[in-house]
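J.: Dropping a structure here in structure tokens format, bear with me for questions.
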Amino acid sequence: MSTGSLLAADLVIAVLAAAGWLGGGAASAARRRPLALGLAALALLATLARAITITALARAGWWFAAEKVLIAAPLSLAAVVVAGPRLLRAPGDIRSVAVPLLFAGYADSSALLVTVLHGYPASADAGLLAVAGVVGATAVSWRLLGAPPSRTVSRAALTVAVAALLAGTGLAAAPGAAPGVPHDHGPGDARTVGEPTRRVTLTAATATVRASGRDVAAWAFNGQVPGPELTATVGDVLEVRLRNRDIARGVTLHWHGYDVPNSQDGVPGVTQAAVLPGQEFVYRFRADQAGTYWYHTHAVSDVGVRMGLYGVLVVRPAPVAGIDVTVPVHTLAGIPLPATSTEPVAAGTPVRLRLINTDSTTHRYALAGTPFRVAAIDGSDLHGPTSLADTAVLIPAGGRYDLVFTAPATPVALFVDGRAVYSTGPVSKATGGWPVLDPLTYGAGSPVPWSRFDRKFTLVLDRGLDLHGLLPRYAHTVNGAADPDIPPQVVRLGDIVKFTIVNRSQAVHPWHLHGHHVLVLSRNGEPATGSPLWLDSFDVRPGDVWEVAFQADNPGMWANHCHNLKHADAGMTLHLMYLGQPNR
Ligand SMILES: [Cu+2]
């Protein structure tokens, strides 16, 4: 069983246990003896089963089980110790076990709340608040059911509840160690990149665009979705003038996967201010990495990108022979883009398909009718890619795969989630059952270039209640905190940095570090054995543990976030910060 399934199973079992005890308690209060005994038995079984899931999760990694071992297990144990013996005696008056059963229900419920609302890391305040809740709820039930405990027991319970509540809230309210992200930066680009050789103006504006024969309200660069395709040859100096006509919430340009100098990275509030209506910002950088990239707004990025503020950036090493097609996949107002295109290609022509996922969730791509190779991922060429056939690839949000093949005499078609988006003629082929390529084992391996790591960071991805500001929200969290309260990861120029990224939530998190490409070391304890994978976007699935590393060679303040942009906007964003380096 995968860790992701274990996490899900554990959650279901925890709900069953809590519901069983609470239901049993309510049934016994109502003198429904058989129902009460049945529900209590179910709860007891679920509690025992949980011992197994919690142990398995702890073996998969402490991150997955910390609060379950430290808070849920003791509370469950207390529940069984209190309710179990009374049940076994199965008294004539079933009502007399109502309070013990309810106590067990409160214990399991509060442990469940700790997991769902608090998550990782386990903390004393969460444990104390859980205890306070259990004692308080039990005392109230006792009183309501007309069998109040003795004065001494009542006083003791009250004391425990109040003390736990005070200590818990006190700890929770204590100021955290999270230093704010300094947003105040010196003057912009200090690095001279030379005279521009490619000049482009992108004007962001509200627009009505045609998609699949429908008029759709969009936010567009130069009136089109996607925006103009930007192309360059290695060595070009790109100058892109961004203008905002009427996007009230502001726009920026982020060069996704392009490791530009920090001042050109386009993150509002971090590397620049958002460009408001009537304003402009000029980006300038040298195109020194060939490959497939894309650009998008990073201001209110979830809405902005979804509404259409994105486009393709392709940097070629030199003029290339053959057919070179970009396929930026996007969902605009529920309409999948691009529309299907068909163009015949002469047999023997080399073809490169640049697949780009600009959505916030994974897409499945299947190339039918020809063997092919994956030449590059996230802009970096792979070593020794072998020929593949009838194999699908999964591209995470923000990710890119370049597929290459020599056009056969018969038609070829690319399917995205079962829909043909590009073809050289009619192809009818069921691709849904194809196996999926694992890039970690594809191509020719080579040793990791570093033998030591100067800094190691662990990012545990989860969900939790975030009380920052006035409105509580159910945030997507990193190490138990949500943006802007997640401490930045501090490095020095030249450091070799290792990230361990753990997903203990139920959602896929496509991870994206700005300004750097990370080398994949391992996934779930299995070392990457294929071609070195230098990624800027990778799916960390529920239960996954990824180890990646990079050299800190691009000073500045860099966003490091989930590229499911809804998640990023709901807290899952932190920053990588260079110590003692001027930003450039
Ligand atoms: Cu996410």
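The values are calculated or read from the model by the stated rules, or taken from the named source; none is laboratory data. Remember, predicted model here, so these are calculated numbers, not experimental data. Cβ coordinates were reconstructed from backbone atoms using ideal geometry, including for glycine residues, and neighbour counts include every protein chain displayed. With ligands, DNA and RNA removed, areas are computed over all heavy atoms of the protein, side chains included. Shrake-Rupley method; radii C 1.70, N 1.55, O 1.52, S 1.80 Å.
J.: How big is the Kirkwood radius of the stretch 287-362, worked out from every pair of different alpha carbons and given in Å to one decimal? Kindly include the intermediate steps, with their values, before the conclusion.
T.: Numbers: mean 1/r = 0.0703 Å⁻¹.
The answer is 14.2 Å.
J.: List every residue whose amide H lies under 5 Å from the amide H of PHE538, counting only residues 5 or more places away in sequence or on a different chain, with H placed 1.01 Å from N in the peptide plane.
T.: TRP511
J.: Here is a follow-up. Is any residue of the stretch 424-456 close enough, with backbone N under 13 Å, to a label point placed 7 angstrom from the Cα of ASP390 along the Cα-Cβ axis, and if so, which?
T.: 429-436
J.: Leaving out ligands, DNA and RNA but keeping every protein chain, what accessible area does ILE323 have, in Å² rounded to the nearest 10, with a 1.4 Å probe?
T.: About 50 Å², rounded to the nearest 10.
J.: Moving on. How many lysine pairs does the chain hold where the Cα atoms are under 30 Å apart and the two sit 8 or more places apart or on different chains?
T.: Working: LYS68/LYS456; LYS68/LYS498; LYS68/LYS566; LYS456/LYS498; LYS456/LYS566; LYS498/LYS566.
Number of lysine pairs found: 6.
J.: Set the Förster radius R0 to 22 Å, insert the Cβ-Cβ distance between THR441 and ASP288 as r into 1/(1 + (r/R0)^6), and round the FRET efficiency to 0.05.
T.: On the way: r = 30 Å, r/R0 = 1.37.
Rounded to the nearest 0.05, the efficiency is 0.15.
J.: Might you tell me the accessible area per residue for the stretch 416-507, computed with a 1.4 Å probe and given in Å²? Write down the numbers at each step before the final one.
T.: Working: 4460 Å² over 92 residues.
Result: 48 Å² per residue.
J.: Of the peptides 198-206, 38-46, how do they stack up when ordered by the mean number of other Cβ atoms within 10 Å, highest first?
T.: Values: 198-206: 17.6, 38-46: 19.9.
Most protected by this proxy first, the peptides run 38-46, 198-206.
J.: Next up: Hey, what do the phi angles of the stretch 199-206 turn into as Karplus ³J(HN,Hα) couplings, whole Hz, using 6.51/-1.76/1.60 and θ = phi - 60°, x for Gly and Pro?
T.: 3J(HN,Hα) across the stretch 199-206, in whole Hz: 10, 9, 10, 10, 10, 8, 7, 5.
J.: Give me the one-decimal Kirkwood hydrodynamic radius in Å for the stretch 401-443, with the sum taken over alpha-carbon pairs. Show your work: numbers first, answer last.
T.: On the way: mean 1/r = 0.0818 Å⁻¹.
Final number for the Kirkwood radius of the stretch 401-443 is 12.2 Å.
J.: Can you check how the C-alpha radius of gyration of the stretch 521-571 compares to 2.2 N^0.38 Å, as a plain ratio? Don't skip to the answer; put the middle values down first.
T.: Values: Rg = 13.1 Å, N = 51, 2.2 N^0.38 = 9.8 Å.
It is 1.34.
J.: Going by average Cβ density within 10 Å per residue, which order do the peptides 99-108, 487-496 take, highest to lowest? Please list the in-between numbers first.
T.: Numbers: 99-108: 27.5, 487-496: 16.4.
Result, highest mean first: 99-108, 487-496.
J.: Counting Lys and Arg as +1 and Asp and Glu as -1, each charge on the Cβ, what is the dipole of the chain about the Cα centre in debye, to the nearest 20?
T.: On the way: 44 positive and 40 negative charges, 373 e Å.
Dipole of the chain, to the nearest 20 debye: 1780 debye.
J.: Further question: Pop out the Kirkwood hydrodynamic radius of the stretch 1-106 from its pairwise C-alpha distances, inverse of mean 1/r, in Å to one decimal.
T.: Numbers: mean 1/r = 0.0720 Å⁻¹.
Its Kirkwood hydrodynamic radius stands at 13.9 Å.
J.: Here's something else I'd like to know. Using just the helices of the chain, give the 222 nm mean residue ellipticity in deg cm²/dmol: DSSP H runs with n ≥ 4 each add -39,500 (n - 2.57), and the total is spread over all residues, rounded to 500. Don't skip to the end; give the middle numbers.
T.: Numbers: 9 runs with 150 residues, N = 584.
Result for the chain: -8500 deg cm²/dmol, rounded to the nearest 500.
J.: Please name which of GLY266, GLY556, ALA570 has its Cα lying farthest along the dipole of the chain towards the positive end, using unit charges on Cβ (Lys, Arg +1; Asp, Glu -1) and the Cα centre as origin.
T.: It is ALA570, whose Cα lies furthest towards the positive end.
J.: Then there's this: Could you tell me which of LEU470, ILE323, VAL436 has its Cα farthest along the dipole of the chain towards the positive end, charges placed at Cβ (Lys, Arg +1; Asp, Glu -1), taken about the Cα centre?
T.: Selected residue: LEU470.
J.: According to a simple spin-label model (label point 7 Å from Cα along Cα-to-Cβ), what is the distance in nm between LYS566 and PHE453?
T.: With each label placed 7 Å out from Cα toward Cβ, I get 3.1 nm.
J.: What's log10 of I(q)/I(0) for the stretch 446-571 at q = 0.12, 0.16, 0.20 Å⁻¹, Debye sum over Cα points only, no solvent?
T.: Ignoring solvent entirely, the Cα scatterers give -0.45, -0.79, -1.18.
J.: Looking at the stretch 282-419, what % of the alpha carbon pairs are farther apart than 19 Å? Walk me through the numbers before you get to the answer.
T.: On the way: 4981 of 9453 pairs.
Cα-Cα pairs of the stretch 282-419 separated by over 19 Å account for 53 percent.
J.: Ignoring ligands, DNA and RNA, please state the percent of accessible area on the chain from carbon and sulfur, probe 1.4 Å.
T.: Numbers: 14670 of 24240 Å².
Carbon with sulfur: 61 percent of the solvent-accessible area.
J.: Please report, in Å, the Rg and the Dmax of the chain, where both are computed over Cα atoms only.
T.: Cα-based Rg and Dmax for the chain come out at 28.0, 92 Å.
J.: Please report the spacing between the Cα centers of the stretch 349-393 and the stretch 411-490 in Å, no decimals.
T.: Taking the Cα centre of each part, the stretch 349-393 and the stretch 411-490 sit 16 Å apart.
J.: Also, I was wondering about something else. About its Cα centre, how strong a charge dipole does the stretch 210-278 have in debye, to the nearest 20, once Lys and Arg get +1 and Asp and Glu get -1 at the Cβ? Display every interim value, and only then the final one.
T.: On the way: 6 positive and 7 negative charges, 74 e Å.
Roughly 360 debye, rounded to the nearest 20.
J.: Here is a follow-up. Given a 1.4 angstrom probe, what's the average accessible area per residue across the stretch 14-166, in square angstrom?
T.: Numbers: 7280 Å² over 153 residues.
About 48 Å² of surface per residue is accessible.
J.: Over the Cα atoms of the stretch 497-584, how large are the radius of gyration and the largest Cα-Cα distance (Dmax), in Å?
T.: 13.4, 39
J.: Which whole number in µm²/s is D for the stretch 366-520 by Stokes-Einstein, with the Kirkwood Rh taken over Cα pairs at 20 °C and 1.002 mPa s?
T.: Numbers: Rh = 19.0 Å.
For these conditions, the coefficient is 113 µm²/s.
J.: Something else: Work out, in µm²/s and without decimals, the Stokes-Einstein translational diffusion coefficient of the stretch 285-327 at 20 °C, 1.002 mPa s, Rh from Kirkwood over C-alpha pairs. Intermediate values should be presented prior to the final figure.
T.: Details: Rh = 12.3 Å.
Stokes-Einstein gives a translational diffusion coefficient of 175 µm²/s.
J.: Equivalent ellipsoid semi-axes for the stretch 463-514, as square roots of 5 times the alpha carbon gyration tensor eigenvalues: give them largest first, rounded to whole Å. Numbers along the way, then the final one.
T.: On the way: eigenvalues 121, 48, 13 Å².
So the three semi-axes of the stretch 463-514 are 25, 15, 8 Å.
J.: Note down the nm distance, to one decimal, between modelled labels 7 Å out along Cα→Cβ at ASP246 and at LEU45.
T.: 6.3 nm
J.: Sticking with this structure for a sec: For the stretch 416-501, what does the equivalent ellipsoid look like in terms of its semi-axes, each the square root of 5 times an eigenvalue of the Cα gyration tensor, given largest first in whole Å? Walk me through the numbers before you get to the answer.
T.: Values: eigenvalues 294, 148, 26 Å².
The equivalent ellipsoid of the stretch 416-501 has semi-axes of 38, 27, 11 Å.
J.: Right, something else. Apply 1/(1 + (r/R0)^6) to the Cβ-Cβ distance of VAL162 and ASP93, taking R0 = 45 Å, and write down the FRET efficiency to the nearest 0.05.
T.: The pair VAL162/ASP93 has a calculated efficiency of 0.90.
J.: Further question on the same structure: Please sort 258-270, 455-467 by packing, taking for each peptide the average over its residues of neighbouring beta carbons within 10 angstrom, highest first. Please report the intermediate quantities before stating the final value.
T.: Numbers: 258-270: 23.1, 455-467: 19.4.
Top to bottom by mean Cβ count within 10 Å: 258-270, 455-467.
J.: What value does the stretch 356-435 have for Rg/Rh, both radii from Cα atoms and Rh as Kirkwood defines it?
T.: Numbers: Rg = 12.3 Å, Rh = 13.0 Å.
My calculation of the ratio gives 0.95.
J.: A further question follows. Against the globular-protein guess of 2.2 N^0.38 Å, express the Cα radius of gyration of the stretch 1-49 as a ratio, rounded to two decimals.
T.: Details: Rg = 12.6 Å, N = 49, 2.2 N^0.38 = 9.7 Å.
After normalising by residue count via 2.2 N^0.38 Å, the value is 1.31.
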